[in-house]
Amino acid sequence: MHEHKYCWQQVLLHWVSAVVIVWALVSGFYVAIFDVEPNTASLIGFVNVSLTTLFIPLFLVRWLVRLFKPRPGAVHDDPAGQLIAHLVHEGLYWVTAVVLLSGVLMMDGPIDVFGWFTLAPLLSDWFWLAAWSKLHIVASSLLALGVLLHVGAVVFHELSGRRVLRRMLP
Ligand code: HEM
Ligand code: HEM
(Lines give C-alpha, C1' and ligand atoms only; values in the text may rest on other atoms or scores of the structure.)
(Ligands and ions follow the chains in the order given, each with its own letter.)
Protein backbone atom coordinates (compact mmCIF):
# COMPACT_ATOMS: atom_id res chain seq x y z
CA MET A 1 0.00 0.00 0.00
CA HIS A 2 2.92 2.39 0.61
CA GLU A 3 4.90 1.66 -2.56
CA HIS A 4 2.91 4.15 -4.57
CA LYS A 5 4.19 7.66 -4.88
CA TYR A 6 3.05 10.99 -6.20
CA CYS A 7 4.45 11.69 -9.69
CA TRP A 8 7.40 14.08 -9.99
CA GLN A 9 5.15 16.88 -11.27
CA GLN A 10 3.01 16.65 -8.12
CA VAL A 11 6.12 16.46 -5.92
CA LEU A 12 7.70 19.53 -7.52
CA LEU A 13 4.45 21.54 -7.39
CA HIS A 14 3.80 20.49 -3.77
CA TRP A 15 7.16 21.66 -2.47
CA VAL A 16 7.29 24.90 -4.48
CA SER A 17 3.75 25.66 -3.23
CA ALA A 18 4.70 24.76 0.35
CA VAL A 19 7.66 27.18 0.33
CA VAL A 20 5.60 30.05 -1.14
CA ILE A 21 2.63 29.49 1.17
CA VAL A 22 4.61 29.00 4.39
CA TRP A 23 6.75 32.07 3.62
CA ALA A 24 3.69 34.25 2.83
CA LEU A 25 1.89 33.07 5.98
CA VAL A 26 4.82 33.48 8.37
CA SER A 27 6.07 36.81 7.01
CA GLY A 28 2.53 38.18 6.47
CA PHE A 29 1.40 37.46 10.02
CA TYR A 30 4.76 38.53 11.41
CA VAL A 31 4.40 41.98 9.85
CA ALA A 32 0.73 42.19 10.89
CA ILE A 33 1.33 41.19 14.52
CA PHE A 34 4.70 42.68 15.46
CA ASP A 35 6.05 46.21 15.38
CA VAL A 36 8.08 46.12 12.18
CA GLU A 37 10.05 49.01 10.62
CA PRO A 38 7.82 50.66 7.98
CA ASN A 39 10.54 50.06 5.34
CA THR A 40 10.76 46.36 6.16
CA ALA A 41 6.99 46.05 6.24
CA SER A 42 6.55 47.59 2.81
CA LEU A 43 9.42 45.54 1.36
CA ILE A 44 7.78 42.33 2.65
CA GLY A 45 4.41 43.52 1.32
CA PHE A 46 5.95 44.21 -2.11
CA VAL A 47 7.76 40.85 -2.25
CA ASN A 48 4.69 38.92 -1.05
CA VAL A 49 2.23 40.53 -3.45
CA SER A 50 4.69 39.87 -6.32
CA LEU A 51 5.51 36.31 -5.29
CA THR A 52 1.93 35.21 -4.58
CA THR A 53 0.63 36.80 -7.81
CA LEU A 54 3.20 34.77 -9.77
CA PHE A 55 2.10 31.74 -7.73
CA ILE A 56 -1.50 31.96 -9.06
CA PRO A 57 -0.84 30.25 -12.45
CA LEU A 58 1.31 27.63 -10.72
CA PHE A 59 -1.53 26.92 -8.30
CA LEU A 60 -3.99 26.51 -11.19
CA VAL A 61 -1.61 24.02 -12.85
CA ARG A 62 -1.35 22.15 -9.58
CA TRP A 63 -5.10 21.95 -9.24
CA LEU A 64 -5.38 20.60 -12.80
CA VAL A 65 -2.68 18.03 -12.09
CA ARG A 66 -4.62 16.94 -9.01
CA LEU A 67 -7.80 16.55 -11.06
CA PHE A 68 -6.25 14.66 -13.96
CA LYS A 69 -3.23 12.73 -12.64
CA PRO A 70 -3.83 9.61 -10.59
CA ARG A 71 -2.74 9.78 -6.95
CA PRO A 72 -1.16 7.02 -4.88
CA GLY A 73 -3.56 4.75 -2.97
CA ALA A 74 -4.89 5.76 0.44
CA VAL A 75 -2.63 5.64 3.50
CA HIS A 76 -5.65 4.71 5.64
CA ASP A 77 -7.46 1.37 5.59
CA ASP A 78 -10.48 2.80 7.41
CA PRO A 79 -13.05 4.90 5.56
CA ALA A 80 -13.10 7.55 8.33
CA GLY A 81 -9.34 8.13 8.03
CA GLN A 82 -9.58 8.26 4.24
CA LEU A 83 -12.41 10.79 4.49
CA ILE A 84 -10.52 13.05 6.93
CA ALA A 85 -7.36 13.00 4.79
CA HIS A 86 -9.42 13.72 1.71
CA LEU A 87 -11.30 16.60 3.38
CA VAL A 88 -8.14 18.25 4.72
CA HIS A 89 -6.31 17.98 1.36
CA GLU A 90 -9.36 19.23 -0.54
CA GLY A 91 -9.80 21.99 2.05
CA LEU A 92 -6.19 23.15 1.60
CA TYR A 93 -6.82 23.63 -2.13
CA TRP A 94 -10.09 25.53 -1.64
CA VAL A 95 -8.83 27.75 1.17
CA THR A 96 -5.67 28.58 -0.83
CA ALA A 97 -7.93 29.55 -3.75
CA VAL A 98 -9.93 31.89 -1.49
CA VAL A 99 -6.72 33.43 -0.09
CA LEU A 100 -5.42 34.12 -3.61
CA LEU A 101 -8.73 35.48 -4.89
CA SER A 102 -9.33 37.72 -1.87
CA GLY A 103 -5.71 38.95 -2.05
CA VAL A 104 -6.16 40.10 -5.64
CA LEU A 105 -9.60 41.62 -5.01
CA MET A 106 -8.51 43.54 -1.88
CA MET A 107 -5.87 45.48 -3.87
CA ASP A 108 -6.71 49.21 -3.98
CA GLY A 109 -3.81 50.07 -6.30
CA PRO A 110 -1.80 48.50 -9.15
CA ILE A 111 -0.40 45.01 -8.47
CA ASP A 112 3.32 45.55 -9.07
CA VAL A 113 5.06 42.23 -9.76
CA PHE A 114 8.73 42.77 -8.89
CA GLY A 115 8.72 45.94 -11.03
CA TRP A 116 8.46 43.59 -14.01
CA PHE A 117 4.82 44.23 -14.91
CA THR A 118 1.73 45.62 -13.20
CA LEU A 119 -1.89 44.54 -13.17
CA ALA A 120 -4.68 47.05 -12.72
CA PRO A 121 -6.74 46.68 -9.53
CA LEU A 122 -10.11 45.06 -10.21
CA LEU A 123 -12.19 46.94 -7.64
CA SER A 124 -12.34 50.49 -6.34
CA ASP A 125 -15.41 50.54 -4.09
CA TRP A 126 -14.15 51.07 -0.53
CA PHE A 127 -16.77 48.77 0.96
CA TRP A 128 -15.79 45.76 -1.18
CA LEU A 129 -12.04 46.38 -0.80
CA ALA A 130 -12.51 46.26 2.97
CA ALA A 131 -14.70 43.16 2.76
CA TRP A 132 -12.18 41.22 0.61
CA SER A 133 -9.40 42.35 2.93
CA LYS A 134 -11.29 40.93 5.95
CA LEU A 135 -11.87 37.68 4.06
CA HIS A 136 -8.15 37.58 3.17
CA ILE A 137 -7.23 37.66 6.87
CA VAL A 138 -9.86 35.06 7.84
CA ALA A 139 -8.89 32.72 4.97
CA SER A 140 -5.16 33.14 5.69
CA SER A 141 -5.79 32.22 9.34
CA LEU A 142 -7.74 29.15 8.26
CA LEU A 143 -4.95 28.21 5.86
CA ALA A 144 -2.35 28.54 8.64
CA LEU A 145 -4.50 26.25 10.81
CA GLY A 146 -4.90 23.76 7.96
CA VAL A 147 -1.16 23.70 7.25
CA LEU A 148 -0.41 23.10 10.95
CA LEU A 149 -2.93 20.25 10.98
CA HIS A 150 -1.43 18.85 7.76
CA VAL A 151 2.18 18.98 8.99
CA GLY A 152 1.04 17.55 12.34
CA ALA A 153 -0.61 14.64 10.52
CA VAL A 154 2.56 13.96 8.51
CA VAL A 155 4.67 13.91 11.71
CA PHE A 156 2.07 11.69 13.42
CA HIS A 157 2.03 9.18 10.55
CA GLU A 158 5.81 9.04 10.35
CA LEU A 159 6.04 8.45 14.13
CA SER A 160 3.41 5.70 13.85
CA GLY A 161 5.49 3.93 11.21
CA ARG A 162 3.42 4.99 8.21
CA ARG A 163 5.98 6.39 5.82
CA VAL A 164 3.96 9.11 4.10
CA LEU A 165 6.80 11.58 3.52
CA ARG A 166 8.53 9.37 0.95
CA ARG A 167 5.32 9.37 -1.09
CA MET A 168 5.81 13.11 -1.59
CA LEU A 169 9.56 12.91 -2.32
CA PRO A 170 11.21 12.25 -5.70
C1 HEM B 1 -0.92 31.92 -0.81
C2 HEM B 1 -1.09 33.20 -0.95
C3 HEM B 1 -1.17 34.22 0.15
C4 HEM B 1 -0.98 34.09 1.50
C5 HEM B 1 -0.64 32.84 2.30
C6 HEM B 1 -1.18 35.40 2.07
C7 HEM B 1 -1.07 35.70 3.42
C8 HEM B 1 -1.25 36.94 3.97
C9 HEM B 1 -1.19 37.25 5.38
C10 HEM B 1 -0.94 36.22 6.48
C11 HEM B 1 -1.40 38.58 5.52
C12 HEM B 1 -1.46 39.37 6.85
C13 HEM B 1 -2.89 39.39 7.29
C14 HEM B 1 -3.13 40.25 8.51
O15 HEM B 1 -3.17 41.48 8.35
O16 HEM B 1 -3.31 39.69 9.60
C17 HEM B 1 -1.58 39.13 4.21
C18 HEM B 1 -1.79 40.47 3.92
C19 HEM B 1 -1.91 40.98 2.66
N20 HEM B 1 -1.96 40.27 1.48
FE21 HEM B 1 -1.78 38.29 1.28
N22 HEM B 1 -1.48 36.28 1.07
C23 HEM B 1 -1.49 35.60 -0.12
C24 HEM B 1 -1.75 36.12 -1.38
C25 HEM B 1 -1.95 37.44 -1.66
C26 HEM B 1 -2.17 37.99 -2.99
C27 HEM B 1 -2.26 37.17 -4.27
C28 HEM B 1 -2.28 39.33 -2.85
C29 HEM B 1 -2.51 40.38 -3.88
C30 HEM B 1 -2.14 40.30 -5.13
C31 HEM B 1 -2.14 39.63 -1.43
C32 HEM B 1 -2.18 40.89 -0.89
C33 HEM B 1 -2.07 41.18 0.45
C34 HEM B 1 -2.07 42.53 0.98
C35 HEM B 1 -2.18 43.81 0.17
C36 HEM B 1 -1.97 42.40 2.36
C37 HEM B 1 -1.91 43.54 3.38
C38 HEM B 1 -0.44 43.78 3.59
C39 HEM B 1 -0.20 45.15 4.08
O40 HEM B 1 -0.72 45.47 5.16
O41 HEM B 1 0.51 45.88 3.36
N42 HEM B 1 -1.94 38.46 -0.75
N43 HEM B 1 -1.50 38.12 3.29
C1 HEM C 1 5.94 22.26 5.19
C2 HEM C 1 5.80 21.01 5.44
C3 HEM C 1 4.96 20.05 4.65
C4 HEM C 1 5.13 18.71 4.67
C5 HEM C 1 6.16 17.94 5.50
C6 HEM C 1 4.15 18.12 3.78
C7 HEM C 1 4.04 16.78 3.49
C8 HEM C 1 3.11 16.21 2.66
C9 HEM C 1 3.02 14.80 2.36
C10 HEM C 1 3.95 13.73 2.93
C11 HEM C 1 1.97 14.60 1.54
C12 HEM C 1 1.50 13.27 0.94
C13 HEM C 1 0.33 12.72 1.74
C14 HEM C 1 0.01 11.33 1.25
O15 HEM C 1 0.86 10.46 1.37
O16 HEM C 1 -1.08 11.12 0.71
C17 HEM C 1 1.36 15.89 1.29
C18 HEM C 1 0.26 16.12 0.51
C19 HEM C 1 -0.34 17.34 0.36
N20 HEM C 1 0.13 18.55 0.86
FE21 HEM C 1 1.74 18.83 2.03
N22 HEM C 1 3.39 19.12 3.24
C23 HEM C 1 3.84 20.32 3.74
C24 HEM C 1 3.33 21.56 3.45
C25 HEM C 1 2.18 21.79 2.73
C26 HEM C 1 1.61 23.08 2.50
C27 HEM C 1 2.16 24.43 3.02
C28 HEM C 1 0.51 22.89 1.74
C29 HEM C 1 -0.39 23.93 1.18
C30 HEM C 1 -1.42 24.42 1.69
C31 HEM C 1 0.36 21.46 1.49
C32 HEM C 1 -0.65 20.87 0.78
C33 HEM C 1 -0.77 19.53 0.51
C34 HEM C 1 -1.85 18.94 -0.25
C35 HEM C 1 -3.06 19.69 -0.82
C36 HEM C 1 -1.58 17.57 -0.35
C37 HEM C 1 -2.42 16.52 -1.08
C38 HEM C 1 -1.87 16.41 -2.46
C39 HEM C 1 -2.87 15.81 -3.40
O40 HEM C 1 -3.32 14.68 -3.17
O41 HEM C 1 -3.21 16.50 -4.38
N42 HEM C 1 1.41 20.83 2.10
N43 HEM C 1 2.09 16.85 2.00
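On average, how much accessible surface per residue is there in the chain, in Å², for a 1.4 Å probe, leaving out ligands, DNA and RNA?
Accessible area per residue, the chain: 64 Å².
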Please find, in a Gaussian network model of the chain (springs between Cα atoms separated by less than 10 Å), the residue of A153, A80, A41 whose mean-square fluctuation is greatest. A80
Label model pair I84, L101: point-to-point distance (7 angstrom along the Cα→beta-carbon line) in nm is 2.9
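What length, rounded to one decimal in nm, is gained on full extension from F46 through to Y30, with 0.36 nm per residue of separation minus their alpha-carbon distance? Display every interim value, and only then the final one.
Details: separation 16, 0.36 × 16 = 5.76 nm, distance 1.47 nm.
Here the answer is 4.3 nm.
Specify whether the C-alpha gyration tensor of segment 8-168 places it in the rounded, prolate or oblate class, a ≥ b ≥ c being the square roots of the eigenvalues: rounded for a/c under 1.5, otherwise prolate if a/b is larger than b/c and oblate if not.
Working: a/c = 2.07, a/b = 1.86, b/c = 1.11.
It is prolate, given that a/c is not under 1.5 and a/b is the larger ratio.
Which order do T118, T52, T40, T96 take by accessible area at a 1.4 Å probe, largest first? Don't skip to the end; give the middle numbers.
Working: T118 90, T52 40, T40 60, T96 10 Å².
Sorted by accessible area, descending: T118, T40, T52, T96.
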I56: accessible area at probe 1.4 Å, nearest 10 Å²? 50
Take the chain, connect every pair of alpha-carbon atoms lying under 10 Å apart with a spring to form a Gaussian network, then pick out the residue of S133, S124, S50 with the largest mean-square fluctuation. S124
Rounded to the nearest 0.05, what FRET efficiency do R71 and V22 give with R0 = 30 Å and r taken as the Cβ-Cβ distance? Could you check? 0.85
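Please report the relative contact order for the chain, taking Cα pairs under 8 Å with a sequence separation of at least 6, and give it as a percent rounded to a whole number.
Working: 147 pairs, mean separation 54.2, N = 170.
Over the chain, the number comes to 32 percent.
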Segment 13-104 - percent of accessible surface contributed by carbon and sulfur, probe 1.4 Å: 76
Which of the chymotrypsin sites (Phe, Trp or Tyr not before Pro) across segment 60-147 are loop residues per DSSP, with 12 or fewer other Cβ within 10 Å? F114, W116
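The values are calculated or read from the model by the stated rules, or taken from the named source; none is laboratory data. What you are looking at is a predicted structure, and each value in this text was computed from that prediction instead of being measured. Cβ sites come from the backbone with ideal geometry, for glycine too, and all protein chains shown count toward neighbours. Note: areas computed on protein heavy atoms with side chains; ligands, DNA, RNA excluded. Shrake-Rupley method; radii C 1.70, N 1.55, O 1.52, S 1.80 Å.
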